[in-house]
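What follows is a short report on a single structure.
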Amino acid sequence: RVEFDLADAAGVVDASVPPFQVHSPELAAFSEPADALQGDACHQRWLARAKALGGEANKTPQKAADAIIDALACDDLNQRLDLLRRALFVAKEDRLSKNLEKFPAAQEAEPELQRLLTARRQHDAWLHQQRMARLARSLIAAFAAVKHQHGWVDMNDVERTALVMLADPILSGWVQERLDARIRHLLVDEFQDTNPLQWQALHAWLAGYAGSGGGASGQKPPSVFIVGDPKQSIYRFRRAEPQVFIAAQAFVRDGLGGDLLSCDHTRRNATGVIAAVNHAMGTAQAQHETSGFRDHTTESTDPGVLLRLPAIPAAGY
């Protein structure tokens, strides 16, 4: 059973500056964006807008004026911001209602309200990130204590220990001697899913062979064969990084005198799948979002069935 202090994890005591104060210097004096709605100058500014809208002949601006007056009477500043938004904006977007777009007072209020709403969303996200960071630190510390109590290690411990041993100037020679004696061929498949820590450990070992023709024991270096496809990297959640594959590619070629082999032909995928891949990657390359892609081909003649999941809209917008 792992126990931790949820109350502590939920608190926010980080002394760093909230991002909205950096990106919106005019709000730097406030602890949160809605605080900008306090003060006599702000009150008079919004009263003037309400008076101007209330003086219009149409009912829509008159209703907006009444809603602004009600909002200014609210003491809770975040609720006041919500009420001002409701008075002037459409329900699902931060923009003026269609029937208010032609009125100068509403036009004047729009950018101020948009700026405050954007800053509040950013501030809420920052607060959530701070809470999650504190929660994560509590969980990590509790998990580390449980592992220590039972003498357990997990994969992250193994990776970090391997890097420490292979990077240490004293331990590395001892480790490399044993690796030299036991490993003659090294094959790493799906290398695009390798994370930087794993590559640092592997590089710390293989770097002993770069340009020297032998490892710590003077033996012939092992053959190294790395297979991967950066566009198939899908393990970002465990820190996989496609750039690691590119770095390893350069190291094997330049440091170990290896060859770069490319294969753009498959025996597995249907023609419809390959056509979709070529279209998506070709478009990304034309827009300079990726590089080095070449059209793929397939041995299959089956058109297959190509399905696409529906897009998931962002919540709260």
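The values are calculated or read from the model by the stated rules, or taken from the named source; none is laboratory data. Quantities reported herein were computed from a predicted structural model and do not represent experimental measurements. All Cβ positions, glycine included, derive from the backbone under ideal geometry; neighbour counts span all protein chains shown. Just so you know, the surface numbers come from the protein's heavy atoms only, side chains and all, with ligands and any DNA or RNA stripped out. Shrake-Rupley method; radii C 1.70, N 1.55, O 1.52, S 1.80 Å.
Values for this structure:
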{"quantity": "Unique match (being free of Cβ contacts under 8 Å to residues at least 24 places away in the same chain, surrounded by fewer than 10 Cβ atoms within 10 Å (Cβ to Cβ) and closer than 30 Å to Ala125 by Cβ) among Ala311, Ala280", "calculated": "Ala311"}
{"quantity": "Filter result (of a type in the set (A, V, I, L, M) and assigned to a loop (DSSP other than H, G, I, E, B)) within the stretch 15-46", "calculated": "Ala15, Val17, Ala28, Ala29"}
{"quantity": "Some residue of the stretch 148-155 being touching a residue at least 24 places away in the same chain (Cβ under 8 Å), of a type in the set (Asp, Glu) and out of contact with any Leu (no Cβ under 8 Å at 6 or more places or on another chain)", "calculated": "no"}
{"quantity": "The stretch 161-178: number of residues that are surrounded by 15 or more Cβ atoms within 10 Å (Cβ to Cβ) and within 24 Å of Thr194 (Cβ to Cβ)", "calculated": "8"}
{"quantity": "Top-ranked residue of the stretch 101-116 - restricted to ones that are assigned to a helix (DSSP H, G or I) and out of contact with any Leu (no Cβ under 7 Å at 6 or more places or on another chain), ranked as least open to solvent (accessible area, probe 1.4 Å)", "calculated": "Glu112"}
{"quantity": "Residue that is most open to solvent (accessible area, probe 1.4 Å) [pool: residues in the stretch 283-300 that are over 22 Å from Ile226 (Cα atoms) and among the acidic types (Asp, Glu)]", "calculated": "Glu289"}
{"quantity": "Boolean, Ala133 is part of a helix (DSSP H, G or I), touching a Pro at 6+ places or on another chain (Cβ under 9 Å) and closer than 28 Å to Pro313 by Cβ", "calculated": "no"}
{"quantity": "Out of Lys51, Lys92, Lys98, sole residue that is under 21 Å from Arg120 (Cβ atoms) and open to solvent by 50 Å² or more (accessible area, probe 1.4 Å)", "calculated": "Lys92"}
{"quantity": "Residues within the stretch 73-93 that are under 30 Å from the mean Cα position of the chain (by Cα), part of a loop (DSSP other than H, G, I, E, B) and at pLDDT 95 or above, tallied", "calculated": "1"}
{"quantity": "Test: residue in the stretch 123-130 that is of a type in the set (Phe, Trp, Tyr) and open to solvent by less than 30 Å² (accessible area, probe 1.4 Å)", "calculated": "no"}
{"quantity": "Hits in the stretch 133-158 (condition: open to solvent by less than 90 Å² (accessible area, probe 1.4 Å) and under 23 Å from the mean Cα position of the chain (by Cα))", "calculated": "Ala133, Arg134, Leu135, Ala136, Ser138, Leu139, Asn156"}
{"quantity": "Residues (more than 23 Å from Ala284 (Cβ to Cβ) and either among the charged types (D, E, K, R) or at pLDDT below 90 (or both)) located in the stretch 216-238", "calculated": "Ala216, Ser217, Gly218, Gln219, Lys220, Pro221, Pro222, Arg238"}
{"quantity": "Flag for Ile226 being in contact (Cβ under 8 Å) with a residue 12 or more places away in the chain and in contact with a helix residue (DSSP H, G or I) (Cβ under 6 Å, 6 or more places away or on another chain)", "calculated": "yes"}
{"quantity": "Members of the stretch 64-82 that are surrounded by fewer than 19 Cβ atoms within 10 Å (Cβ to Cβ) and in contact (Cβ under 8 Å) with a residue 12 or more places away in the chain", "calculated": "Asp66, Ala67, Ile69, Asp70, Leu72, Leu77, Asn78"}
{"quantity": "The stretch 242-277, residues that are of a type in the set (S, T, N, Q) and either exposed (fewer than 15 other Cβ atoms within 10 Å of the Cβ) or more than 18 Å from Ser291 (Cβ to Cβ) (or both)", "calculated": "Gln243, Ser262, Thr266, Asn269, Thr271"}
{"quantity": "Which numbered condition Gly208 fails, given (1) at pLDDT 90 or above; (2) in contact with a Gly (Cβ under 6 Å, 6 or more places away or on another chain)", "calculated": "(1)"}
{"quantity": "Where Ala181 falls short, out of the listed (1) surrounded by 14 or more Cβ atoms within 10 Å (Cβ to Cβ); (2) over 30 Å from Ser300 (Cβ atoms)", "calculated": "(1)"}
